[in-house]
Amino acid sequence: MTKSFLSSFKNQSVLAVAVLAFSSSVYATSGVVLQANDFVGISFWLISMALVASTAFFFLERDRVAGKWKTSLTVSGLVTLVAAVHYFYMRDVWVATGSTPTVYRYIDWLITVPLLMIEFYLILSAIAKVPSGVFWRLVIGTLVMLVGGYVGEAGYVAPMPAFIVGMLGWFYILYEIFAGEASKINANQAPANVQSAFKTMRLIVTFGWAIYPVGYYFGYLTGADPIESMKSLNIVYNLADVLNKIAFGVIIWTVAVSESEKAK
Ligand SMILES: *C/C=C(C)/C=C/C=C(C)/C=C/C1=C(C)CCCC1(C)C
C-alpha cells in the first residue's frame with residue numbers, strides 16, 4: 001500500500017517542488033506586505049513564481065527525453081530551483097527594506113552561472129568527447145566576472161575598476177565559446193540541430209548576459225538619484241534572469257525533445 005502510494009509519485013521531483021512552494025510561504029514573514037505601486041517588488045514576486053513553475057516543468061519533462069539528455073534537463077531544473085529559493089529571500093529584502101539584496105543575488109549567481117556553464121559542456125558532451133579543460137576555463141572566466149561584480153556592488157572596490165575586471169572575465173568566456181576549443185568541437189563534430197542550439201546559447205551568453213552589465217551601469221555608474229538607480233538595477237537584473245535562466249532552459253528542452261523524438 002505504502003509502496004504503491006510512493007511509486008504513484010512517478011517523479012519525486014513533484015514532491016521536491018511541493019516542499020519548495022510550501023517553504024516559500026515560510027520565508028514571506030517580514031511583516032511588510034507588497035505594495036501595489038512597488039513594481040520592483042512585484043517583479044521579484046512574479047519571477048520567483050515563474051522559477052518554481054519552470055523547475056517543476058524541467059524535472060517532469062525529464063521522463064520524455066532520451067537518457068543522454070536527462071542530465072541537461074536536471075541541470076536546468078537545478079538552476080531555476082536554486083534561483084527560486086534566492087528570489088524568495090531577495091523579494092523579502094526588497095519588500096521589507098527597499099534596498100538591493102546584493103549578497104543573495106551573488107550567492108545565487110555563484111551557483112547558477114557555473115551550472116549554466118555545465119550546460120554548455122553537457123550539450124557538447126552529448127555528441128562529442130570534450131576535454132575537461134574547456135569546462136574549467138569557463139568556470140575561471142565566470143569567477144573573475146562575479147568576484148569583480150561583487151566587490152564593486154558590495155562597496156569593497158570603487159564601482160568602475162571592479163566593473164572592468166568583471167567585463168574581462170565575461171570577455172574571456174566569450175572568447176572561449178566563439179574562438180576557443182568549445183567552439184571548434186561544436187563546429188567540427190556536432191550534428192546540425194546541436195550546432196544551432198550551441199549557437200543560440202552563444203547568443204544568450206552574448207546578448208542575454210550583456211543585460212547584467214547594463215544593469216550594473218544604471219545601478220552605479222550614471223550618477224543618478226541613488227533610489228532610482230537601485231530600482232533600475234533590480235528591474236534589469238530580474239528581467240535578465242527570466243531570459244537567462246528560464247528561456248535558456250527552454251531552449252535546451254526544445255533540442256532535447258526534438259533529438260529524442262528523432263532517435264525513436
Ligand atoms: C542566472 C544568472 C546569470 C546568468 C548571471 C549572469 C551575470 C553576469 C553575466 C554578470 C556580469 C557582470 C559583468 C559582465 C561586469 C561586472 C558586473 C557583472 C557581474 C554584473
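The values are calculated or read from the model by the stated rules, or taken from the named source; none is laboratory data. These numbers come from a predicted model, not from an experiment. Virtual Cβ from ideal backbone geometry, glycine too; neighbours counted across all protein chains shown. Only protein heavy atoms, including side chains, enter the accessible area calculation; ligands, DNA and RNA are left aside. Shrake-Rupley method; radii C 1.70, N 1.55, O 1.52, S 1.80 Å.
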Quiz item: When residues of segment 73-101 are filtered for being part of a helix (DSSP H, G or I) and touching a Gly at 6+ places or on another chain (Cβ under 9 Å), how many remain?
Solution: 10
Quiz item: Got at least one residue in segment 117-126 being in a loop (DSSP other than H, G, I, E, B), open to solvent by 10 Å² or more (accessible area, probe 1.4 Å), in contact (Cβ under 8 Å) with a residue 12 or more places away in the chain and closer than 29 Å to Ala182 by Cβ?
Solution: yes
Quiz prompt | Verdict on Val130 being part of a loop (DSSP other than H, G, I, E, B) and touching an Asp or Glu at 6+ places or on another chain (Cβ under 9 Å) | solution = yes
Quiz item: Identify, please: which residue in segment 106-140 is within 10 Å of the ligand (Cβ to nearest atom) and hydrophobic (A, V, I, L, M, F, W, C) and is, among those, farthest from Gly249 (Cα to Cα)?
Solution: Leu110
Self-check item: Hits in segment 232-241 - residues which are in contact (Cβ under 8 Å) with a residue 60 or more places away in the chain and either more than 10 Å from the ligand (Cβ to nearest atom) or small (Gly, Ala, Ser) (or both)
Solution: Asn234, Ile235, Asn238, Leu239
Self-check item: All positions within segment 164-182 that are more than 14 Å from the ligand (Cβ to nearest atom) and open to solvent by 10 Å² or more (accessible area, probe 1.4 Å)
Solution: Phe178, Ala179, Glu181
Practice problem: All but one of (1) at pLDDT below 95; (2) under 30 Å from Lys184 (Cα atoms) hold for Gly98, so report the exception by its number. | Solution: (2)
Exercise. Would you point out the residue of segment 68-96, among those that are β-branched (Val, Ile, Thr) and crowded, with 23+ Cβ neighbours inside 10 Å, that is farthest from the ligand (Cβ to nearest atom)?
Key: Thr80
Quiz item: For segment 209-228, how many residues are at pLDDT below 95 and either among the hydroxyl-bearing types (Ser, Thr, Tyr) or within 27 Å of Ala179 (Cα to Cα) (or both)?
Solution: 1
